[in-house]
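Read the figures in this text as sums done on the coordinates, not as results from a lab. In this text the structure is predicted, and so the values were computed from the model without any measurement. All Cβ positions, even for glycine, are placed from backbone atoms using ideal geometry, and neighbour counts span all protein chains on display.
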Amino acid sequence: MLQGQEAHAAEMERTFIAIKPDGVQRGLIAEIVSRFERKGFKLVAIKLVVPSKEFAQKHYHDLKERPFFNGLCEFLSSGPVLAMVWEGEGVIKYGRKLIGATDPQKSEPGTIRGDLAVVVGRNIIHGSDGPETAKDEINLWFKPQELVSYTSNAEKWVYGAN
Ligand code: GDP
Ligand code: MG
């Protein structure tokens, strides 16, 4: 059985999180980044990019049959997006909890969308919805060399040594 640091390393996962153009324009970068940071998750990649519409279509390919697909892709490519990869135990699922429900009207207070957004078409943030999409989205948005592996000073305090 794995113990201590080894067990912790084995359970680490990564997720793709993006602050959409509305979140960037509303000055919510620091607020959103700080929620992931304060939780104890570790930032391993970050960049500000304006995706092309074709790129946005790739990112949202699962939704191509939906009536809002075109508007959604237009919007994502309309301005800077803050693309990030966050690492931590359970970060994929818990990242979605921090974000809240897709429709901010249904997001709980205390979540990012619950506290900071009002309508589904301007819900300020994206987060991968599972291990497979996390892998695909990280590969779509980042080159391997843009992901930084390091030991955070806080890790032993966030996870404990054993
Ligand atoms: P998410 O994983 O919570 O972001 O939700 P989905 O993967 O289902 O949808 C992706 C994004 O499409 C959402 O974050 C919304 O910005 C947008 N979206 C989803 N449903 C609707 C809708 O009914 N109307 C509009 N205008 N946008 C939607
Ligand atoms: Mg989704």
The chain - mean residue ellipticity at 222 nm from DSSP helices (-39,500 (n - 2.57) per run, n ≥ 4, rounded to 500): -11000 deg cm²/dmol
From the C-alpha coordinates alone, can you work out the Kirkwood hydrodynamic radius of the range 93-162, in Å? 14.3 Å
Have a look at GLY79, ILE92, ASN153 and report the one farthest towards the positive end of the charge dipole of the range 75-160, computed about the Cα centre with Cβ charges (Lys/Arg +1, Asp/Glu -1). GLY79
Set the bar at 30 Å for Cα to Cα. Now go through LYS58/LYS97; LYS106/LYS156; LYS106/LYS143; LYS39/LYS106; LYS53/LYS156; LYS64/LYS143 and name every pair that lies beyond it. LYS106/LYS156; LYS106/LYS143; LYS53/LYS156
Simple Cβ-charge dipole of the range 46-162, Lys/Arg +1 and Asp/Glu -1, about Cα centre, in debye nearest 20: 140 debye
VAL148 label point, 7 Å along Cα→Cβ, cut-off 19 Å on backbone N: hits in the range 42-59? 42-49
One computes Rg over Rh for the range 1-139 from alpha-carbon atoms, with the Kirkwood Rh, and obtains 0.98
